Amino acid sequence: MTVSHILINDQNSLHRELPIYRTGRISAVRLTDRNYTVYDSIHLSAHDHAALFHYGVIESLNALKFISETNNGLDSWDEAFLSSGSIDAMIGILSRAIDAICRKKNERIVLGWQDDPEKIAYWREIDPEKTVAFLISLRDFAGNAAREGYDLEFIL
């Protein structure tokens with residue numbers, strides 16, 4: 001049996017409904033607030049979500065102490081918090097990731113696959129320049145949050 005290959009297209013509504021199509025949000029919050037308040041946030045597109053895992057950024061960030069219900073640290077399908085005291089270390093990790101990404105060509109990665117009812121592999125094209133631009137925005141966002149004394153909430 002042959003395997004069909006599907007390249008995820010963000011403009012295709014059927015692709016956006018797939019369980020492997022993941023987006024998220026990173027928000028500036030205060031863990032000490034009595035009421036949950038989001039002071040600022042940055043959107044995490046499906047492209048950037050996949051790129052964070054592909055380039056090992058999530059794995060590197062897990063060297064930091066995240067607070068989550070599952071105690072899995074920063075992981076897909078979870079909500080995790082990073083205290084403001086750890087944001088400077090996060091900024092360092094992001095800066096190293098920005099420097100390490102080869103920007104010469106796009107890459108194709110496998111997001112997932114299924115065997116039944118038919119064999120399908122789901123792929124995504126990662127644009128390294130777009131990823132670097134997002135990481136710079138995230139680094140700046142985190143720096144602003146730290147200066148304001150906010151903690152970060154990751155919803156992946």
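Taken together, the values in this text are just the output of simple stated rules run on the coordinates, not laboratory data. This is a predicted model, so every value here is computed, not measured. Every residue, glycine as well, gets a Cβ built from its backbone with ideal geometry; the counts of neighbours run over all protein chains shown.
Observations, loosely collected:
- Taking every alpha-carbon pair under 8 Å whose residues sit at least 6 apart, the chain reaches a relative contact order of 34 percent.
- Summary of the geometry: the range 50-119 and the range 130-156, compared by the centres of their Cα atoms, lie 13 Å apart.
- Residues whose placed amide H lies under 5 Å from that of Asp40, excluding near-sequence neighbours: Ala28
- Proximal charge balance of Pro128 [Cβ under 14 Å; K/R count +1, D/E count -1]: 0
- Cα-Cα P(r), the range 87-156, percent of pairs per 10 Å interval: 17, 34, 26, 16, 5, 0
- For the range 45-146, taking Cα atoms only, Rg and Dmax work out to 15.2, 48 Å respectively.
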